[in-house]
Number of protein chains: 2
Amino acid sequence: MPKISQARREERQQQILAGARRCFAEHGYEGATVVRLEEAIGLSRGAIFNYFPSKEDLFLELAVRDSRRMSDIWINEGLEAIVREVVELDPAWLAVYLELFRRVRTDPEFCRRIEERQKAVAPANRERIEEAQREGEFRDDIGPKEIGTFVNLVLNGLALMRAGGEELPSTDLVLTLLRDAIGPDRARTPARTPA
Amino acid sequence: MPKISQARREERQQQILAGARRCFAEHGYEGATVVRLEEAIGLSRGAIFNYFPSKEDLFLELAVRDSRRMSDIWINEGLEAIVREVVELDPAWLAVYLELFRRVRTDPEFCRRIEERQKAVAPANRERIEEAQREGEFRDDIGPKEIGTFVNLVLNGLALMRAGGEELPSTDLVLTLLRDAIGPDRARTPARTPA
């Protein structure tokens, strides 16, 4: 009995999170009212808030799952996979994150909750970079933290351009230039013959 | 007489834009009500909307002035100057841009107005990059448009991290890696002795 109940609980959680994500993407964070969340999820507010006590908790759970997934891709599949992932993110969902930047800055408690949840994924990323440095995939004349921050910077830039519907550079170009920046020191293969 | 009146007009415009910027940064775009704009600017809504017919026009004018200023820095002072500029941008003001990404995606008329205003600054940027390629500052095995998009990508990433209060990589590191990516092909100077 407890096993079935646990499986059901998780299924229900999945249903709630999937619906909440659609609702946030469609209406924005502020626009995702309780009535709209109920509609998108197909459950009453009582049932929803039994799993997630507030809209904020719903968003934070979605955000931490995103972080974990991105971190897993980076660790298990490498640089190319994570770049390809970011350029395919849903712009409507990305805009929800952007909408909340002001809140991160002005609401210390919200900021603390976000940071606490992100912290869990950082150490594994660092180990992955150190390994890539040992294997000669990344340069080793700068620290793993610096490399990680620069990759993060490029991924942030891609996500922001994607959210704004701007024309993205081709993924191959991003990978070429990113590797020229953080790859090992070696003669560069020209991207094409000089114009 | 007309000259004095023109000078006054510009002074008044400056006053309105400076107040509106402070107000948007403090309260967010949605939170910047007409009453708050009046207070921050020190003029009545009648006087304000005599110069800018709507809150949207106020924001668009601020945005296009930002774009022009950034473009001028990049063209006249180069890569290092523009990177240093972006890492010092006001996070509260950046958050206003982020808040409006959803609107850019969902409101075609707003999107059109923004794009129209940004278009004016693009050609000069391209000429600046071509010049840097001829002078050997940037690699010439990829096109000027690609280089411009990659620089834009890195600047977007910096702005987003700055807006979120994330720890930025040092400006020197960003410049080193960015130059390794888009600079001419040459043996790299190690950033420090290997760890």
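Let me spell out the model: positive unit charges on the Cβ of Lys and Arg, negative unit charges on the Cβ of Asp and Glu, origin at the Cα centre of the protein assembly as shown. What dipole size does that give, in debye rounded to 20?
Its charge dipole is roughly 800 debye.
Have a look at B:Ile75, B:Thr33, B:Ala132 and report the one farthest towards the positive end of the charge dipole of chain B, computed about the Cα centre with Cβ charges (Lys/Arg +1, Asp/Glu -1).
Final value for the positive-end residue is B:Thr33.
Only four residue types carry charge here, +1 at the Cβ of Lys and Arg and -1 at the Cβ of Asp and Glu. Report the dipole size of region B:101-188 about the Cα centre in Debye, rounded to the nearest 20.
My answer is approximately 420 debye.
Any idea how far apart A:Arg112 and B:Ser54 come out in nm if each label point goes 7 Å out from Cα toward Cβ?
Simple spin-label model gives 4.1 nm for this pair.
To one decimal in nm, how far is B:Gly165 from the same spot in the other copies, if labels go 7 Å from Cα toward Cβ? Please give the shortest first.
In nanometres, ordered from closest: 3.2.
Anything losing 20 Å² or more of accessible area from the isolated chain to the full protein assembly: pick those residues out of region B:125-152, probe 1.4 Å, ligands and DNA/RNA ignored.
B:Arg139, B:Asp140, B:Asp141, B:Ile142, B:Lys145, B:Glu146, B:Thr149, B:Phe150, B:Asn152
Can you work out the Karplus-derived ³J(HN,Hα) for every residue in region B:6-14? Use 6.51 cos²θ - 1.76 cosθ + 1.60 with θ = phi - 60°, whole Hz, and x for glycine or proline.
Couplings: 5, 4, 4, 4, 5, 4, 4, 4, 4 Hz.
Shortest first, in nm, what separates the label point of A:Asp185 from those of the same position in the other copies (7 Å along Cα→Cβ)?
A:Asp185 label point versus its equivalents elsewhere: 1.8 nm.
How far, in degrees from 0 to 90, does helix A:122-134 lean away from the longest principal axis of the Cα atoms of chain A, to the nearest 10?
20
Quick one: if the Förster radius is 25 Å, what FRET efficiency do B:Glu30 and B:Glu167 give, using the C-beta to C-beta distance and rounding to 0.05?
My answer for the efficiency is 0.30.
With θ taken as phi - 60° and the coefficients 6.51, -1.76 and 1.60, list the Karplus ³J(HN,Hα) couplings across region B:159-168 in order, rounded to whole Hz; mark glycine and proline as x.
3J(HN,Hα) across region B:159-168, in whole Hz: 4, 5, 5, 4, 4, x, x, 6, 5, 7.
How big is the A/B interface in buried accessible area, both sides summed, 1.4 Å probe, to the nearest 100 Å²?
4500
May I ask you to evaluate 6.51 cos²θ - 1.76 cosθ + 1.60, the Karplus curve with θ = phi - 60°, for each residue of region A:146-154 and list the ³J(HN,Hα) values in order in whole Hz, giving x for glycine and proline?
5, 5, x, 5, 5, 4, 4, 4, 5
So what is the accessible area of the protein assembly as shown per residue, in Å², with the probe set to 1.4 Å?
It amounts to 51 Å² per residue over the protein assembly as shown.
For region A:59-105 and region B:40-108, write down the distance between their C-alpha centroids in whole Å.
26
Taking all protein chains as present, what is the carbon and sulfur share of the accessible area of the protein assembly as shown, in % to the nearest whole number, probe 1.4 Å?
It is 49 percent, rounded to a whole number.
Under unit Cβ charges (Lys, Arg +1; Asp, Glu -1), what dipole magnitude, rounded to 20 debye, does chain B have relative to its Cα centre?
So the dipole magnitude of chain B works out to roughly 500 debye.
List the distances, in nm to one decimal, from the label point of A:Arg112 to the label points of the same position in every other copy, shortest first, placing each label point 7 Å from Cα along the Cα-to-Cβ direction.
Counterpart label points of A:Arg112 in the remaining copies fall at 4.8 nm.
Work out the charge dipole of region A:1-66 with +1 on the Cβ of Lys and Arg and -1 on the Cβ of Asp and Glu about the Cα centre, then indicate which of A:Ser5, A:Ser54, A:Gly42 is farthest towards its positive end.
A:Ser5
The values are calculated or read from the model by the stated rules, or taken from the named source; none is laboratory data. Everything numeric in this text was worked out from a predicted model, so none of it was measured. Note: ideal-geometry Cβ built from the backbone for every residue, glycine included; neighbour counts use all protein chains shown. These accessible areas exclude ligands, DNA and RNA; they are computed on the full protein's heavy atoms, side chains included. Shrake-Rupley method; radii C 1.70, N 1.55, O 1.52, S 1.80 Å.
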